[in-house]
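Each remark here refers to the structure printed beneath this line.
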Amino acid sequence: MGALALATALLTSVEPLRVRSESMLPTLDVGDRVVVDKLSPHWQPPAVGDLVVFREPQRGDLVVKRVVALGGTTVALEDAVLVVDGVARHEPQMDLTRIDSTYFGPVTVPRDAVFVLGDNRSESIDSRTYGAVRIDELVGRVLLTF
């Protein structure tokens, strides 16, 4: 019975999800599938760069975004360049030549939250619109994509 309980726990701790928007291009495309680890956010806080899943506050859909700043930090976009605590961050997944005149902030992320952005900044509805996402609202962390 112990093995069955363990198998059931493992199966319910991961969930497949299909990407439904272009907000994470070029990292994730429409129709890509991701496997979501639903346990780790409860025992290991998210890190900058993690892809996380949560319910989009306006419609309640599950969405995938990238954590770009943690609680207690100040975040801004200056001509599409991510700036955290006054320091420009290099984001290898971003093609800044495709983004023009994107400005935001600065704002301070609440201690119990993360600031999330889509990699396709010009098409993403993210923390710039609905604010930081509380850590206890995270559904999970992306484990793998296919």
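Observations on the structure shown:
- Prolate/oblate/rounded call for segment 48-114, Cα gyration tensor, a/c under 1.5 rounded: oblate
- Counting beta carbons within 10 Å around each of Phe146, Phe115 and listing the fewest first gives the order Phe146, Phe115.
- Nearest 10 degrees, 0 to 90: helix 2-12 Cα axis against the chain principal axis: 30 degrees
- Residue exposure sequence - Leu117, Leu70 - by fewest surrounding Cβ within 10 Å: Leu70, Leu117
- In plain terms, the residue of Leu143, Leu138 with the fewest other Cβ atoms within 10 Å comes first and the most crowded comes last, giving Leu143, Leu138.
- The Cβ shell under 15 Å around Gly71 holds other residues with a net charge of -3, Lys and Arg each +1, Asp and Glu each -1.
- Protection proxy ranking, peptides 118-128, 20-30, 101-111, 87-97, average beta carbon neighbours within 10 Å, highest first: 118-128, 20-30, 101-111, 87-97
- Check: segment 14-145 dipole with +1 on Lys, Arg Cβ and -1 on Asp, Glu Cβ, in debye: 300 debye
- Net lengthening on full extension, Thr74/Arg111 (0.36 nm per residue, minus Cα-Cα): 12.2 nm
- Here's how it looks for Leu82: its modeled amide H is under 5 Å from those of Arg89, which are all 5 or more places away or on a different chain.
Where a number appears in this text, it was derived from the coordinates with a stated rule and is not lab data. All values reported here derive from a predicted model rather than from experimental measurement. Counting neighbours? That spans all protein chains shown, and the Cβs are built from the backbone with ideal geometry, glycine included.
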